[in-house]
Structures are given as structure tokens and as C-alpha cells.
Amino acid sequence: MSTTGIGTFTIRPLDPLKDAELLHSWVTHPKAAYWMMQDAKLQDVEREYMRIAAHEHHHAYIGLHEGRPAFLMEKYDPRYVELTGLYDPEPGDVGMHFLVAPTDRPVHGFTRAVITAVMDELFADPRTRRVVVEPDVGNKAVHALNEAVGFVPVREIDKPEKRALLSFCTRDRFLKRHSLAARGVAV
């Protein structure tokens, strides 16, 4: 659980069948273009999240804001998923994806509160030393958001589906950024 000035966030395991319709509406929305599922059918979403649910090193979660579904979070072990052979993983590395649900009523600071809740969740595991992300190089909005919570870009990498910006955030860097932001210091 993570509480911010915007409210309380909780995270629960995703149920691929029960959550598929909700996820389908999120991942096919124009706002989710970088999720690369724009043309997915409901069955495609079910199949993809059944695959993730069955994977030993990849997990999906629904993030709730004040008890209502608000975002998708994926956590993976980059030694086996997404980044295999693309960088030298270190002990304690955890990969992450997140997607905020589309809304007609955006709340200022909501996406930053979501990524903060995601990072809180990941770093709640004492084995997590560093979070690894690989967003599309063209996704400037998420690069700025990642930087705001402590990610440092390392280099561009070529993945089968995209050119990505490999970035890392250590526990210490996140906690420092999070602490400064909580005190109102611009980061």
C-alpha cells in the first residue's frame, strides 16, 4: 500500500480471465500506443496475460486507487524476460512496466503518484536493489517521469519490437528522490 496526497494505492495480482475485458479497454486505447497492443482482440489480451501468469519470471498486477482499478503493473526478472542478452544483469535487478488506465478526468500528478506506488511496491522486497526499464526511445513523457523518480538512462538498445532506452533506478536513488519530492523540493 502506498498513500500519497492523491490517495491510497494498493496492488493485487491480475486475474487473466476476470481482468481481461478491463485490460483490453486499457491496452487498445490510443493513449496506450507504446504498449503495442492497439489491434489486440479480447482473446489476445487473455492469451497474453495467461502466458504471463504461467511464467515463472514474469508477473502482472492490477493497481487500485481508492479501491478502483487504475493501472497495470508488470514485474519481471530481466535475466529471463525482456532483456535477456541485452545487458549484464546484477543481483537484485527487477524489470518493470506500468500503464495508467485511460480517463476522461485526468488528475494532476496522478501518473507520478502511480509510478511512485509501483516503485514502493518493487522496493518493498528487500531483495530488489535496482529497477530496470526499457521504454521506447520515442516515449519522451515516460522518460521524464522515470527521471523524476530516480531512473538514470544508460544506453539505447535494440529489442525485437522496438528501439528502447535502458534505464536503471537504485533503491537509494529512488528513496532520495522520493524523500525530496515529499518535502516539496523540485527533483
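The values are calculated or read from the model by the stated rules, or taken from the named source; none is laboratory data. For clarity, every value in this text was computed on a predicted model and none was experimentally measured. All Cβ positions, even for glycine, are placed from backbone atoms using ideal geometry, and neighbour counts span all protein chains on display. For the accessible areas, the whole protein counts, side chains as well, though only heavy atoms, and no ligand, DNA or RNA atoms are used. Shrake-Rupley method; radii C 1.70, N 1.55, O 1.52, S 1.80 Å.
Counting residues in the stretch 107-118 that are in contact with a Lys or Arg (Cβ under 8 Å, 6 or more places away or on another chain), open to solvent by less than 30 Å² (accessible area, probe 1.4 Å) and in contact (Cβ under 8 Å) with a residue 24 or more places away in the chain gives zero.
Quick grid of which residues meet (1) touching a residue at least 24 places away in the same chain (Cβ under 8 Å); (2) more than 17 Å from the chain's Cα centre (by Cα):
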position: 7; (1), (2): yes, yes
position: 18; (1), (2): no, yes
position: 44; (1), (2): no, yes
position: 72; (1), (2): yes, no
position: 80; (1), (2): yes, yes
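Against the criterion of being modelled with pLDDT under 95 and over 15 Å from the mean Cα position of the chain (by Cα), residue 27 does not qualify. The residues of the stretch 56-87 that are over 20 Å from residue 163 (Cβ atoms), open to solvent by 60 Å² or more (accessible area, probe 1.4 Å) and part of a loop (DSSP other than H, G, I, E, B), listed by number, are 56, 66, 79, 80. Just so you know, in the stretch 147-171 the residues that are farther than 12 Å from residue 131 by Cβ and in a helix (DSSP H, G or I) include one that is most open to solvent (accessible area, probe 1.4 Å), and it is 147.
For the stretch 88-129, the set of residues classified as part of a helix (DSSP H, G or I) and either more than 20 Å from residue 172 (Cβ to Cβ) or in contact with an Asp or Glu (Cβ under 6 Å, 6 or more places away or on another chain) (or both) consists of 110, 111, 113, 114, listed by residue number.
The number of residues in the stretch 14-23 that are open to solvent by 50 Å² or more (accessible area, probe 1.4 Å) and touching a helix residue (DSSP H, G or I) at 6+ places or on another chain (Cβ under 9 Å) comes to 3. Checking each residue in the stretch 20-48 for being aromatic (Phe, Trp, Tyr) and more than 18 Å from residue 82 (Cα to Cα) picks out only 26. Here is a check on your reading of the model: is residue 86 at pLDDT below 95 and among the hydrophobic types (A, V, I, L, M, F, W, C)? It is true that residue 86 is at pLDDT below 95 and among the hydrophobic types (A, V, I, L, M, F, W, C).
Taking each residue of the stretch 161-187 that is among the β-branched types (Val, Ile, Thr) and looking for partners that are modelled with pLDDT of 90 or more and open to solvent by 70 Å² or more (accessible area, probe 1.4 Å) with beta-carbon atoms closer than 7 Å, six or more apart or interchain, yields 170/129.
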